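The values are calculated or read from the model by the stated rules, or taken from the named source; none is laboratory data. Quantities reported herein were computed from a predicted structural model and do not represent experimental measurements. Note that we place each Cβ from the backbone using ideal geometry, even for glycine, and neighbour counts take in every protein chain shown.
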């Protein structure tokens, strides 16, 4: 017999459980079909929650998180991934879950907190039997905010109620965001600082992305070589599966706390719209999926693995840069708001696009620009440099242009030091990976030697 069974772990269920505990009930069980508490709040990433209850504006996940933390101070039990099938007149709750199978729970009292459902296609009169590409606002919200799927790039919203307007804003924002890719190294703080700076300058939403490797190369340290006997293989598999699940759950929780800390840091730095997203998978593939909605990607030049091995350049940087086609800002240790920017210009298509990007973007608006052309001497180099200078000056920039033949790497490094440059803009990995393997990479060499953030153009 359970004193109180609450069906649903959304905002109503969380509030009911906490209130019941505060009023003296000690045997309380929440049944939630989803994998985590929060219900509809988890997909409501806009702010506006918590003004009456907590006296401040919170997003839906933050609001749910407050109640979840409050419940942790109580003895309220929670069963996630549990689907309630039936509630009988004599207060028996029939439910099923992966972990416990089919259960019949006898309750003294039951509170129904299942929320509400959007009306179906038939209820709102959409013709046809297979209306592909038609979503209710709530379904679209869940896909975009929780699952990471963009439901479309050209979207028609029927209705101008609060949810319709929220989704209109959300879909608009998905078209131009700053994406900060972070891992749990100390470099993440500097990524957050530069990401907040960029989002503020561009007046664009900011999203922090944390990718958990599906196949972390780590073992438990236990020796299973003697696992023989009846059912030994099955028992070992069960044990390893349980260990893997525990690791995954722990990684998700650590990632959630980590991302919330970065969001608070970016908000304090002036970023207006900050979202967080956590995914399981491979870094390159995950970033490639996100690329269409990204205006600028920011990542640390080194990460956890490079920290452990003391590498100057993280192993993921070149792979990520080669696989994406958006500008990528690689940041170093420490944060300094850029005051002077240098473009390493070589007349290539990539750096010409970079000049046009700088001219048209608010990111560097009002900052003096040093335009440096180096490398092998060329007859048309002065003409190319003059075009770049004129393009930037026409956009209102104060430009200093220099043409210095010689080794590009050493000249760039010397100019950065002499002119106190805060940020370098350059083209990235112009040659094939095979050529890079045989002859080395100028981009990688410059990144290793540079001590300032570098915006890589693709």
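Tallying residues that are in contact with a helix residue (DSSP H, G or I) (Cβ under 9 Å, 6 or more places away or on another chain) and either assigned by TED's automatic domain parsing to the domain that holds residue 452 or over 23 Å from residue 324 (Cα atoms) (or both) within the range 262-283 yields 11. The number of residues in the range 301-340 being at pLDDT below 85, surrounded by 15 or more Cβ atoms within 10 Å (Cβ to Cβ) and closer than 19 Å to residue 198 by Cβ comes to 7. Within the range 439-449, does at least one residue satisfy the condition of being part of a strand (DSSP E or B) and either at pLDDT below 85 or in the same structural domain as residue 344 (by TED's automatic domain parsing) (or both)? No, every residue in the range 439-449 fails to be part of a strand (DSSP E or B) and either at pLDDT below 85 or in the same structural domain as residue 344 (by TED's automatic domain parsing) (or both).
Identify the single condition in (1) over 33 Å from the mean Cα position of the chain (by Cα); (2) part of a strand (DSSP E or B) that residue 424 does not satisfy, given that it satisfies every other one. All conditions are met except number (1).
Among the residues of the range 1-20, those identified as within 18 Å of residue 96 (Cα to Cα) and surrounded by fewer than 18 Cβ atoms within 10 Å (Cβ to Cβ) are 1, 2. Among residues of the range 56-81 that are outside the structural domain of residue 15 (by TED's automatic domain parsing), none has a beta-carbon under 9 Å from a residue that is surrounded by 15 or more Cβ atoms within 10 Å (Cβ to Cβ) and in a strand (DSSP E or B) at least six positions away or on a different chain.
The listed residues are 354, 427, and the only one of them that is touching a strand residue (DSSP E or B) at 6+ places or on another chain (Cβ under 6 Å) and modelled with pLDDT under 85 turns out to be 427.
Taking every residue in the range 284-298 that is closer than 13 Å to residue 205 by Cβ and in the same structural domain as residue 211 (by TED's automatic domain parsing) and pairing it with any residue that is in a helix (DSSP H, G or I) and modelled with pLDDT of 80 or more, at least 6 positions away or on another chain, the pairs with Cβ-Cβ distances below 8 Å are 295/202; 296/198; 296/202; 296/363.
Taking the range 348-376 as the search range and keeping residues that are more than 18 Å from residue 400 (Cβ to Cβ) and in contact with a helix residue (DSSP H, G or I) (Cβ under 8 Å, 6 or more places away or on another chain), which one is surrounded by the fewest Cβ atoms within 10 Å (Cβ to Cβ)? Filtering the range 348-376 for residues that are more than 18 Å from residue 400 (Cβ to Cβ) and in contact with a helix residue (DSSP H, G or I) (Cβ under 8 Å, 6 or more places away or on another chain), the one surrounded by the fewest Cβ atoms within 10 Å (Cβ to Cβ) comes out as 362.
Quick check, is residue 436 buried (at least 19 other Cβ atoms within 10 Å of the Cβ) and either farther than 26 Å from residue 295 by Cα or modelled with pLDDT under 90 (or both)? In short, no. Of all the residues in the range 346-373, those that are closer than 17 Å to residue 457 by Cα and not in a helix (DSSP H, G or I) number 9. Number of residues in the range 41-95 that are over 20 Å from the mean Cα position of the chain (by Cα), surrounded by 14 or more Cβ atoms within 10 Å (Cβ to Cβ) and assigned to a helix (DSSP H, G or I): the value is 5. Quick check on the range 28-37. Is at least one of its residues in contact with a strand residue (DSSP E or B) (Cβ under 6 Å, 6 or more places away or on another chain), in the same structural domain as residue 87 (by TED's automatic domain parsing), at pLDDT 90 or above and part of a helix (DSSP H, G or I)? Scanning the range 28-37, I find no residue that is in contact with a strand residue (DSSP E or B) (Cβ under 6 Å, 6 or more places away or on another chain), in the same structural domain as residue 87 (by TED's automatic domain parsing), at pLDDT 90 or above and part of a helix (DSSP H, G or I), so the answer is no.
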